[in-house]
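For reference, the structure discussed in these notes is given below.
The values are calculated or read from the model by the stated rules, or taken from the named source; none is laboratory data. Since we're looking at a predicted model, the values are computed, not measured. Every residue, glycine among them, receives a Cβ derived from its backbone with ideal geometry; neighbour counts consider all protein chains shown. Ligands, DNA and RNA are stripped out before the accessible areas are found, and what is left, the full protein with its side chains, is counted by its heavy atoms. Shrake-Rupley method; radii C 1.70, N 1.55, O 1.52, S 1.80 Å.
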Amino acid sequence: MCRIKVVFLIACLTLVQCSLLAQNNTNSPYARYGYGVLADQASGGQRGMGGIGYGLRNPKMINLLNPAAFSSVDSMTFMFDMGVTGQLSWLKDQSAKERNFNGNIDYVAMQFPLYKNLGMGVGFKPISYVGYESGTASSVQGYSDLYSGSGGLSQVYGAISYDVFDRFSLGVSLGYLFGDIKYNSVKNFTDVTTYRRDLVDTMRASGFTFEAGFQYVHPLSDASRLVVGGVYSPKIKFSEKVIHSDELLQYTSGGWAIANADRTVSTDEKFEMPQSFGLGASYQKFDKLTVGADFLMQQWADAEFFGKTDTLSNRTKFNAGAEYVIDSRSRNFFKRMHYRAGGHYADSYIKVQGSGYKEYGLSAGFGIPMLDNRSMLNVTFEYMAIRPQLKTLIDEKYFKFTVSYTFNELWFFKRKVQ
């Protein structure tokens, strides 16, 4: 009982820390639009398989994409998973190149049984990231502008799943969405160097989200099965304050001082999360091979952003991947490792100059079993390319790595006293 309290305390503290830190994981100019760059909500192990999850049912892996999978947890097992992500990005347009590195704590998740055929999951995961810097200069008008942004949207959630019968599971997830997104503009007057103007727009979001999912298991033989799953999220309105700050600063002997300031708060703007549908399937040969694919549709064009629809674009995403284990019972360490690979393709949900971009990604990873043969260290490497439809926009390439640790412990096993 003591170790349960200790780990729960650590998990809660980590959860709070993540909510404060995990909002600076990108440096993309496209993060300036919409809610920023959408986060990959798959766990570290799933990302090595191309990010699949709707039809993935694995009792040794926390599935963050389908709440119906939480009932797959063993009746005597408590699972805890935390991921850390870093990425190296290359940006290129027609005149310049840039390279950046970003990294942070990514997600925290827990999964445990409540009763027979009833499982629960709780955790923290990001929704979007905002992080960018850019600048322009006007020699005619005598000023230069520096644009930057930071923050993002995050979510804490609780999910419950029940095996309605042996082959069919249902799950629901309730979440609380929150976060600040800051858009900064600094105007430096090149002809009057003692003045500058700081403009800051802060979007402060809060609201509740809902997601429902199902999974159906169809046995193919004594050692293999087909799993089909799906998720649905309705369009949801959420509360968001827009805080506008306008400051004129003057440089004095003591540094920059505010000469004039104006601050307004608007609560009349309307924002929504889109209606989403996801469907996936996987073929599983027990303790040996898993192959799967997912499809996602997000109807962003119908979601209000600053009170208007059709300012964003509908988004589709395809994922496919596999995991292979040579021999899970072998004494050879490399034969017991989980080898993973996959890829994905997605449209952008944002519009830049009336256009968008295509995203292509490849991934590879390893699941390294720990000494207890239940817990696992997951290492994933991903390569992604952003290809805008207009040649005047910026090309982006990413090398991304995720390290996560899945703690799997038999907490509910009753040992007989000798």
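Per 5 Å bin, what is the whole-percent P(r) computed from every C-alpha pair distance within segment 240-354?
Spelled out bin by bin, segment 240-354 gives 2, 9, 11, 10, 9, 9, 8, 9, 8, 7, 6, 5, 4, 3, 1 percent.
Among 378-384, 160-166, 58-64, 257-263, what's the highest-first ranking by average C-beta atoms within 10 angstrom per residue? It would help to have the intermediate numbers written out before the result.
Numbers: 378-384: 20.1, 160-166: 16.0, 58-64: 22.7, 257-263: 10.7.
The densest-packed peptide leads the list: 58-64, 378-384, 160-166, 257-263.
Taking Cα pairs under 8 Å and at least six residues apart, what relative contact order does segment 239-338 come out at, in percent?
Details: 188 pairs, mean separation 20.0, N = 100.
Once divided by the residue count of segment 239-338, the mean separation gives 20 percent.
Net charge near V291: determine it from the other residues with C-beta under 14 Å of the C-beta of V291, scoring Lys and Arg +1 and Asp and Glu -1. Numbers along the way, then the final one.
Working: positive: R57, R225, K285, K288, R340; negative: D294, E323.
It works out to a net charge of +3.
For an R0 of 35 angstrom, estimate the FRET efficiency from the Cβ-Cβ distance between M76 and T267 and round to the nearest 0.05.
Numbers: r = 49 Å, r/R0 = 1.40.
E between M76 and T267, to the nearest 0.05, is 0.10.
Given a 10 angstrom Cα cut-off, can you work out which residue in L170, L226, L371 is the most mobile in a GNM of the chain?
L371
Using only Cα atoms, what Kirkwood radius does segment 171-271 have, in angstroms? Present the calculation step by step, with values, prior to reporting the outcome.
Numbers: mean 1/r = 0.0548 Å⁻¹.
In segment 171-271 this quantity evaluates to 18.2 Å.
With +1 assigned to the C-beta of every Lys and Arg and -1 to the C-beta of every Asp and Glu, and no other charges, what is the dipole magnitude of segment 44-182 about the Cα centre in debye, to the nearest 20?
Numbers: 10 positive and 10 negative charges, 59 e Å.
Rounded to the nearest 20 debye, it is 280 debye.
Net charge within 10 Å of K235 by Cβ-Cβ distance, Lys/Arg positive one each and Asp/Glu negative one each, not counting K235 itself?
Net local charge, K235 excluded: -2.
For a 18 Å ceiling on Cα separation, which of these pairs sit above it: K97/K351; K241/K351; K351/K400; K187/K391; K358/K397? Let's see the in-between values first.
Working: K97/K351 22 Å; K241/K351 23 Å; K351/K400 24 Å; K187/K391 28 Å; K358/K397 12 Å.
Too far apart for the 18 Å limit: K97/K351; K241/K351; K351/K400; K187/K391.
To one decimal place, what Kirkwood hydrodynamic radius in Å is obtained for segment 360-405 from all pairs of distinct Cα atoms?
Working: mean 1/r = 0.0790 Å⁻¹.
After inverting the pairwise mean of 1/r, the radius is 12.7 Å.
Give the span of segment 313-402's Cα atoms along each principal axis, as three whole-Å numbers ordered largest to smallest.
Principal-axis extents of segment 313-402 (Cα, largest first): 57, 21, 18 Å.
Given the protein chains as shown and a 1.4 Å probe, how many square angstrom of R315 are accessible, to the nearest 10?
Taking all protein chains as shown, R315 has close to 30 Å².
In degrees, nearest 10, range 0 to 90: what is the angle between the Cα axis of helix 2-21 and the longest Cα principal axis of the chain?
Compared with the principal axis, the helix lies near 30 degrees.
So if we plug the beta-carbon distance of R99 and K351 into 1/(1 + (r/R0)^6) with R0 = 30 Å, what FRET efficiency do we get, rounded to 0.05? Display every interim value, and only then the final one.
Details: r = 27 Å, r/R0 = 0.88.
According to the calculation, E is roughly 0.70.
For L114 paired with S144, estimate the spin-label separation in nm (one decimal), with each label point 7 Å from Cα along the Cα-to-Cβ line.
In this crude label model, L114 to S144 measures out at 5.8 nm.
Starting from the Cα of S328, step 7 Å along the direction of its Cβ; do the same at T309; then give the gap between the two resulting points in nm.
Those two pseudo-labels are separated by 4.7 nm.
State the Kirkwood hydrodynamic radius of segment 268-418 in Å, one decimal place, computed from all pairs of distinct Cα atoms. Present the calculation step by step, with values, prior to reporting the outcome.
On the way: mean 1/r = 0.0533 Å⁻¹.
Taking the inverse mean of 1/r over all distinct Cα pairs, segment 268-418 comes out at 18.8 Å.
Would you mind computing the Rg to Rh ratio of the chain from its alpha-carbon coordinates, Kirkwood style for Rh?
Values: Rg = 23.5 Å, Rh = 23.0 Å.
Rg divided by Rh gives 1.02.
When Lys and Arg each count +1 and Asp and Glu each count -1, what net charge do the other residues less than 13 Å away from L312, Cβ to Cβ, add up to?
Details: positive: K235, K308, R315, K351; negative: E272, D302, E304, D310, D347.
Value of the local net charge: -1.
Quick check on segment 142-216: what are the equivalent-ellipsoid semi-axes from the Cα gyration tensor, as sqrt(5λ), descending, whole Å? Kindly include the intermediate steps, with their values, before the conclusion.
Working: eigenvalues 499, 21, 7 Å².
That gives 50, 10, 6 Å for the three semi-axes.
Normalising by the residue count of the chain, find the relative contact order in percent from Cα pairs under 8 Å and 6+ residues apart.
The value is 17 percent.
To the nearest 500 deg cm²/dmol, what mean residue ellipticity at 222 nm is calculated for the chain from DSSP H runs of n ≥ 4 alone, each contributing -39,500 (n - 2.57), summed and divided by the residues? Working shown, then result.
On the way: 3 runs with 28 residues, N = 418.
One gets -2000 deg cm²/dmol as the mean residue ellipticity at 222 nm.
Could you state, as a whole-number percent, how many of the C-alpha pairs of segment 17-129 are farther apart than 17 Å? Kindly include the intermediate steps, with their values, before the conclusion.
On the way: 3844 of 6328 pairs.
In whole percent, the share of Cα-Cα pairs in segment 17-129 beyond 17 Å is 61.
Work out the FRET efficiency for L279 and Y251 from their Cβ-Cβ distance, taking R0 = 60 Å, and round it to the nearest 0.05. List each step's numbers first, then the result.
Numbers: r = 59 Å, r/R0 = 0.98.
The computed FRET efficiency comes out at 0.55.
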